[in-house]
Each structure stands twice: as structure tokens, then as C-alpha cells.
Amino acid sequence: MRFRLPSFRTQIIILVILLIVTSVLFFRNFFIDSFQSFSETSETLSTNEKSRKLYENYNLQLDEVYRSQFRNDIEEIMSIENQKAIARHVFINEIELYSKFILFFLTVIVIILFFISFYFITRPLKRLQDATLQLALGNLEVNVRESRFSPLNDLIVSFNDMSHELQSNRKKLIQAEKDAAWRDMARILAHEIKNPLTPIRLSLERLEMKYASKSKDLDVVFYNVAKVIHEEIDNLQTFASEFSKFARLPEANPIHYDINKQISEICFPYQSEVKIEYKLAEKLPLLFADKIQVKQVLDNLVQNSINAAKEDFNITINTNFTDSSINIKIQDNGHGIDEKDINEIFNPYFTKSRGGTGLGLAIVKRIIENHGGSINVKSQIGVGTIFDLSFPIVHKQEQ
Amino acid sequence: METGFLAAFSKKVISTIIAVGSMFYSTINGVTPSMSTPEIQFQNDDLFISTTIDNCYTEELNQIFYSGNIIPLYFSVELYQDNKKNPDSTFIFYHALQYSPIGNDFTIYYSERDEAISSLNIDQAKVLFPQIINYRATSATSINNNINYYLKITAWLDKIHLEGMKEELNLLFYWNSIKPNSASTIFSKSDFQI
């Protein structure tokens, strides 16, 4: 079991209790015991014995007349000594008890003062601690209540200023990101729309020329131009469809199902084009995910691999699991991805392939993250690419 | 001036603390004494009583006995009619204990019979000091016919002065400020063997 330090407040309380206990022990040992020891020593220095010896030595040498008077005088001296010893004893008892009263009273006062100062010092600290935690969790709207009498008020004011500054900066950042996203999208849209327009315009110009010159092959040209226009319109439709999918990814409808079986079903049609090897784990737990969206993910990744195919191309699909996750590895020996592009491939509209929309991998990443999973890619030019997918295991009772 | 004010203030505070503390706790560990029921004896027209006090010594009281000071123990014997609150008569006497440091022995003086017993060791002194033996409490001539009476005996320790102490030490604190008392059985004039 890991030892965990108590909280700041508990540490202060323990420290003060230790201080008080130590002070009490010190006070008792140093003052009371020392005083007691002194008094015991002084009592032993009684003159009683000396007086008795004095009486015994001189009593018989005195006349009968003075003996009684001498005895009374000596006894009076001895009695006074004894009374002083008793008075001292009573006094010490009183002092000891009164010291206890005073010590108790002082302890109570110290504890009260401690709790008052503790309240003024640590309560703002606790608020600051909670606020910092909130800040760390991303809640920038957190604001610590100011305590005018607290010595930490300056710190609280600075914290609140910092929080406001962060909040303001985040708003600016979000706005900047939004602007950048809109600019990117406008640029991509313009580009993607402009691309098919050029061949359409050129084809139409060619058709006009043929028509104006009453060309004999007008029919052939017309047919070719129509074909080009159809193709470009198809491209535009594909782009519009992918864009729409990315923009409005439907809400996931997860169920428990066998992912190994789904992988086999999805890859079956591709086996006519490419060699696919399966290394599927036995007793793999059921995946809890939206079956249609996962199909979209696997389709995309397999299709991506096929697009990067070269000679003797093959794909290996591997499944395994840990206590908490189901992992799917899709590995190919294709061309690979350039190292500088690796970090960009999941960004929307990033593509290196001709006719690609650049939305496929962005959709893949978004689907996996929506399921609480993750995707990683490793690639080397000329060697191949590995996509590692990980989905959390959700037991039926947790669901 | 400031020092004077601080001294006075601290004295006031500490006195208050001590006063408040003393309400809950005392420096003296006392005992709770009890007086045994008086035995009454009728001889001719006189009534004699005997009693003693139990559980009346503490370690500190013993030390005070050894001081050489005269330690007085007072008794009051009150004659009550059975149905009245106020006594018909009250007699007060005392026993005085004194230690002789040279003789290392104790002497007890009984004022009720003007008699002293000397050369007692501490154990003998502690037995005899609280004892009342055959004290003539009343006589048949002092009581009326057809009325029931009883005797109430009360004992208490007094304050003594100890050398070196500003104030007198109240020995009754060693009895937790309790004055032990006890009442005799009821008697009447007919009980006297006149």
C-alpha cells in the first residue's frame, strides 16, 4: 500500500498538537519536577536533627530551673522549622495546581487562536487548491472568493486575475481556431469545386468548337464530353457526400458483438484484389461499439492500405486483448507514409492520393474516439504501415 | 507605569484563572470523615455519651500533626427535643493534639474533662484524638417529662497558623469541608434510673 501524505490542513493540525504536547511535557518536566526536586532537597536540610542534638548536649548541663525553658525554646524552633516545611509543601502543591490551571488555560487560548488563524490561512488555501484543481480540469470560469482579512488575499486576487486572463485567452483561441477552420474549409471547398470545373469547361469549349465547325466526329466528341462531365459530377457528389458524413456523424448505437467475425466479413470482398492474412485472438471479448461505424473504420483502413499497394502486397489483420481493451492491428507492406506526413494524416482534408477527399482517416479517428478508443499509426517508406486501434472493454453489467 | 499595568493585569488574569480552576479542582486531597452513632449510657440522673470519628486522616494531615503546632478538634453536643429544630442546649469542647519534636511523642488534651494524655506514638494518638469517651452530655434535671430527646454531636477542625504562610490553613479542607455529625437514639426522662 502506498503511503500518502495527509493534506496540508491535517499536517498543520498534527504539527500544532505535537507542539502543544511537547510544550506541556517541557513545562511539566522543567518547572514542576525541578521545583519539586528543589523542595525535596531543601526539606532534607532540616535543622530538626541539629536542634535535637543541641538539646541533648546541653540539657543535662543546665540547672533544673532552666531545663524546661530550654526544652520549650528548642521545641519552638523545631516546630517552626516543621511548620515552614509543611507551608512549603502546601505552597508547592498550590503552585503545581495553579500552574496546571494556567497551562490548561493557555493551551485552550492557543488552540482557539490556532483555529482562528488556521481558519483565516488555510481556508483560502483550500479554496485556492480546489480552484486550481478545477482549472486543471479545464474549468477556466473558476473564481476564488476573496477574503479581505486573510494574509493570502493578494494570492487570491492574482489567481483570479490569472483565471480571467486564461478565460479571455481561451475565448480568443477558440475564435482564432474557428476562423482558421472556416478559412481552411473555404479554401478546400473552393479547390475541390474548382477542380472538376476546369475539365467541364474545357470539354464544353471543345464541344462548341466541333459544333461550330460542323465536325464529322461531333457524335464521338459529344459522347466523350458527356462522359467527362458525368465523371466530374460524380466526383463532386462523392466529395459532397463525404463532407456531409464528416460534418454530421450520426450518433453511435453500440451493441456487444464479435469483432473477429465482422473483420472476416468486411475483408472477404477484398480478398479477390489482395492477400489478407488473419491472426485473430481466440476467446476475444465482445466489442461494445456501433457495428456500422466500426465497419466504416475497417473499410476505410483496408481501402487505404490497398491504395498504397505495391508488388507482393499483403495485409495482416491481428486482434488481441488486455484486461481493459480490445486491440486491432492492420499492417500492410505497402509504400508507407512519409515521416513528415504522419502527424497530418488524421487531419480533415489532408490527402496525398489523387481524387481523395482527405476526410476518410479524420472520420476513422473521430469514430474511434467517440467510442472511447484510440488509433496510432507507425509507418516507414518502402516497408509498410501499421494502424493500431484500441477499444475499451465494456462489460454487459457496466453498460 | 506600563509595567505596573501589565503586572496588575496579569495578576488579575491569573487570579481569575486560579479562581475558576479552584471551582473544579482543589490542591488538597481530602477525605470524607464519618462519625459513628453515639452510644448513650444512663448512670443515676446523668447521661453519658461515647463516639469517635472514622476515616478522618490523610497523609498531609499526618505531616501537619508532626509540625509541633497545636491541632484543635472541636466538638459540639446539642440536645434536641424530638420535634423541634433548635436545640435546647449546646456544649462545645475540644481536643488538642501536639507533637513534641524532642520527645518524638504526642500529647492530647481533652477540654471536656480538663485532662491530658502524654507520651503517645502516632498510632495511639490517631485513635484517641477523635474519641469522646463517656462525656456527660446532660442530666435528668435538664429534661422535661413526657418529651422525647436526642443528642446530636458535630465535629470540626479549625484553622491553624503555619510559620511561612500568609494565610491560615483551614484543616477542615482535609475533610473536604465536611463537619461529621451523628445523632443518638431517642430517649426520655423515664430512661434515667432515678
Taking chain B, the lysine pairs whose C-alpha atoms sit under 28 Å apart (8 or more places apart or on different chains) add up to 17
Global form of chain A, assessed from the alpha-carbon gyration tensor, a/c cut-off 1.5: prolate
Where does each of A:Ser241, B:Ser100 land when they are ranked from fewest to most other beta-carbon atoms within 10 angstrom? A:Ser241, B:Ser100
State, to one decimal in nm, how far the label point of B:Val31 lies from the label point of B:Ala19, with both points 7 Å from Cα in the Cβ direction. 3.4
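I'd like the FRET efficiency for A:Ala176 and A:Leu218, computed as 1/(1 + (r/R0)^6) with the beta carbon distance as r and R0 of 56 Å, rounded to 0.05.
Details: r = 55 Å, r/R0 = 0.98.
Approximately 0.55, to the nearest 0.05.
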Can you tell me the 0 to 90 degree angle between the C-alpha axis of helix B:2-24 and the longest principal axis of chain B, rounded to 10? 40
Give the aspartates and glutamates whose C-alpha is closer than 13 Å to that of A:Lys100, dropping any in the same chain fewer than 8 places away, or say none. A:Asp33
Quick one: among A:Asn48, A:Asn160, A:Asn139, which has the greatest mean-square fluctuation in a GNM of chain A with alpha-carbon springs under 10 angstrom? A:Asn48
Post the alpha-carbon centroid distance, the stretch A:229-299 to the stretch A:153-200, in whole angstrom. 32
Can you bin the stretch A:158-237 into rounded, prolate or oblate? Criterion: square roots of the alpha carbon gyration tensor eigenvalues sorted a ≥ b ≥ c, rounded for a/c under 1.5, prolate for a/b above b/c, oblate for the rest. prolate
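Given that compact globular proteins tend to follow 2.2 N^0.38 Å, what is the ratio of the alpha-carbon Rg of the stretch B:2-191 to that value?
Working: Rg = 21.0 Å, N = 190, 2.2 N^0.38 = 16.2 Å.
The value comes to 1.30.
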Restraint check, A:Lys261/A:Lys329; A:Lys126/A:Lys178; A:Lys245/A:Lys283; A:Lys283/A:Lys329, Cα-Cα greater than 27 Å: A:Lys126/A:Lys178; A:Lys245/A:Lys283
Can you compute the modelled spin-label distance between A:Ala190 and A:Asp338, with each label point 7 Å from Cα toward Cβ, in nm? 2.4
Under the 7 Å Cα-to-Cβ spin-label approximation, A:Ile13 and A:Thr47 lie apart by a distance in nanometres of 5.9
P(r) of the stretch A:267-349 in 10 Å steps, Cα pairs, percent per bin? 15, 43, 35, 8
Roughly speaking, what is the centre-to-centre gap between the stretch A:322-392 and the stretch A:49-104 when only Cα atoms are used, to the nearest Å? 104
Check which residues have an amide H placed less than 5 Å from A:Ile315's amide H, if you skip close sequence neighbours. A:Lys275, A:Ile276, A:Glu277
Rank the residues A:Trp182, B:Trp175, B:Trp156 as a footprinting-exposure proxy: fewest other Cβ atoms within 10 Å of their Cβ go first. A:Trp182, B:Trp156, B:Trp175
To the nearest 0.05, the calculated FRET efficiency linking A:Thr198 and A:Phe149 through their beta-carbon distance, R0 being 60 Å, is 0.20
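None of the figures in this text is laboratory data; all of them are computed from the coordinates on show. Please read all numbers here as calculations on a predicted model, not as lab measurements. Virtual Cβ from ideal backbone geometry, glycine too; neighbours counted across all protein chains shown.
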